[in-house]
Amino acid sequence: IRSNSSMILDANELNNINLASLPGISAFADRAVLGMLKTFAGINREKNIKKWEKDFRLGAGVDAFSVEMSFGMDAGWAVEGAVGSSYKIDATYLSPHVNMASRMMSACKQYGLTILLSQNVEDLLSPTCRKQLRHIDTVFVKGAATKQRIYTFDARHKGIDFFLNKRSDKIADKNADNYSPSLWLKDLDLQEMRSHVTPEFVATYEKGLNQYLIGNWSEAVIKLKEANEIMIRTVVEDGRLEHINSMRGKMTDMNADDDDVIHMREEFGDGPSRTIVAYIEKEGGAAPEDWKGVRQLTSK
């Protein structure tokens, strides 16, 4: 919503806007998420960005530096305008939804993910797009009083050769103009970045999450740990990462005590599974009597 000095905006009216009623909103929302994912692929396909990972000044000669980005998305209204004083003015967007998108981005670090979407976004997407997402948790985001189901599109770049899927700008623009939900099932970038996710993993994680939400935490821990092991096994069996191939046997050992193996298991396992298990263990392993299937995120 654009505003100028002659308009008075009623916050209650803005909050009552029903985005789902807008014509074409499903395709619009799908393309917003797709654009975010294509940006993720583009960053990891861009040679001028990737070459920094080989720069001795940043990586100390041991490839210790990598370019990473996190993405958060919410859906709703925002006020666009110039904000500041006579000393400094910035063009910006202000609204609770901008704040929520920021919270989603920040929460990526807690879950070990690249992308988080709010419930508001998921509600607007096409059924085909929704099936590609994973409900990872239900939370109260810091600064918000309404509980949120939060979702991810499981996207990774390590071991993925995005250069093989590069298209000309002309073809990319044509595909964008002719968007169809079937793209979620055919696009090579989307398939590759999600190749570590199997139907077995999705089903197991869903069982663990459901047990967690209804308060059966002992069963939840079992299923979530199992889901984590399935993802690790999938990455190992895929065989694309040379440094993992050299420790294949140890990677699938839950009791491995080698620091390098522990680090790799954490990096290539499932962040949400580990995060919820850690929360359950921190709370003593049993749901409180007043458990309502939602928790407070611990930071912004």
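The values are calculated or read from the model by the stated rules, or taken from the named source; none is laboratory data. What you see is a predicted model; the values in this text were computed from it and never measured. When we count neighbours, we look across all protein chains shown, and the Cβ atoms used for this are built from the backbone with ideal geometry, even at glycine. Areas reflect the complete protein model, heavy atoms only, side chains present, ligands, DNA and RNA absent. Shrake-Rupley method; radii C 1.70, N 1.55, O 1.52, S 1.80 Å.
Might you tell me the accessible area per residue for the chain, computed with a 1.4 Å probe and given in Å²?
On a per-residue basis, 57 Å².
Are there GluC sites (Glu not before Pro) in region 35-116 that DSSP marks as loop and that have at most 11 other Cβ atoms within 10 Å, and which are they?
Answer by residue number: E68.
Which of these, L58, L124, L34, has the largest mean-square fluctuation under a Gaussian network model of the chain (Cα springs below 10 Å)?
Result: L58 has the largest fluctuation of those listed.
Any chance you could list the semi-axes, whole Å, largest first, of the equivalent ellipsoid that the Cα gyration tensor gives for region 156-233, using √(5λ)?
35, 15, 8
Which whole DSSP H helices in the chain pass both tests: a Cα extent of 30 Å or more along the axis and a mean Kyte-Doolittle value no lower than -0.5?
Sorted by number, the helices that extend far enough and score high enough are 217-238.
Let me make sure I get this right: for the chain, a, b and c are the square roots of the gyration tensor eigenvalues over alpha carbons, sorted descending. Under 1.5 in a/c it's rounded, otherwise prolate if a/b > b/c, else oblate. Which is it?
Taking the square roots of the gyration eigenvalues as a ≥ b ≥ c, the chain is oblate.
At A203 and A82, where each label point lies 7 Å from the Cα along Cα→Cβ, what is the point-to-point distance in nanometres?
Each label point lies 7 Å from its Cα, and together they span 6.0 nm.
Provide, for q = 0.12, 0.13 Å⁻¹, the log10 of I(q)/I(0) from a solvent-free Debye sum over equal Cα point scatterers in region 202-257.
The computed values of log10 I(q)/I(0) come out as -0.35, -0.40.
How large a share of the accessible area of region 59-209, in percent, is made up of carbon and sulfur atoms when the probe is 1.4 Å and the other protein chains stay in place?
C and S fraction of accessible area: 55 percent.
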